[in-house]
Amino acid sequence: QVRLVESGGGLVQAGGSLRLSCAASGSIFSITTMGWYRQAPGKQRDLVATITRGGTTNYADSVKGRFTISRDYAKNTVYLQMNTLKPEDTAVYYCNAQLIRPPGYWGQGTQVTVSS
């Protein structure tokens, strides 16, 4: 019902910035919350940030003050602005959409690599 297409991943040096984009299509009006998760080698997939339909945001402690999640309703797109990137931020980043009813949906993932 919902398709998520991600873009914006890449290679950046420590201290640099990237902006990830996730364009949603399908049952857009049923989305209640969108978010970004990441999975580093040897680790589980963890929450990075979420944003509700009402605009409430939530961030992992490790990214507070550096990352900003936002949503453009006109474009049906959620963004993750990542500043002051650290090597520890290296991971595959996944877009997620939760709907009024299950199931939720995941994007394909985009690789973010931060070099020291």
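The values are calculated or read from the model by the stated rules, or taken from the named source; none is laboratory data. Source: prediction; values computed, not measured. Here the Cβ positions follow ideal geometry from the backbone for every residue, glycine too, while neighbour counts run over all protein chains shown. Ligands, DNA and RNA are excluded from the accessible area calculation, which covers all protein heavy atoms including side chains. Shrake-Rupley method; radii C 1.70, N 1.55, O 1.52, S 1.80 Å.
When only Cα pairs below 8 angstrom with a gap of at least 6 residues are kept, the chain shows a relative contact order of 36 percent. The stretch between residue 58 and residue 81, if pulled fully straight at 0.36 nm per residue, gains 6.9 nm over its current Cα-Cα span. Measuring nothing but protein heavy atoms, the accessible surface of the chain at 1.4 Å probe radius is 50 percent carbon and sulfur.
With a ≥ b ≥ c taken as the square roots of the eigenvalues of the C-alpha gyration tensor of segment 1-53, please select rounded if a/c is under 1.5 and otherwise prolate if a/b is larger than b/c or oblate if it is not? Prolate, since a/c reaches 1.5 and a/b exceeds b/c. Report the paramagnetic label zone for residue 43: residues of segment 3-34 whose backbone N is under 15 Å from a point 7 Å from Cα along the Cα-to-Cβ axis. Within reach of a label on residue 43: no residues. With each label modelled as a point 7 angstrom along the Cα→C-beta vector, the residue 29-residue 100 pair spans 0.8 nm. I'd like the distance between the alpha-carbon centres of segment 60-116 and segment 1-59, rounded to an integer number of Å. Each part's Cα centre sits 3 Å from the other's.
Note: segment 54-116, Cα convex hull, 113 Å³ per residue.
From the Kirkwood radius over Cα pairs of the chain, Stokes-Einstein at 4 °C and 1.567 mPa s returns a whole-number translational diffusion coefficient of 92 µm²/s.
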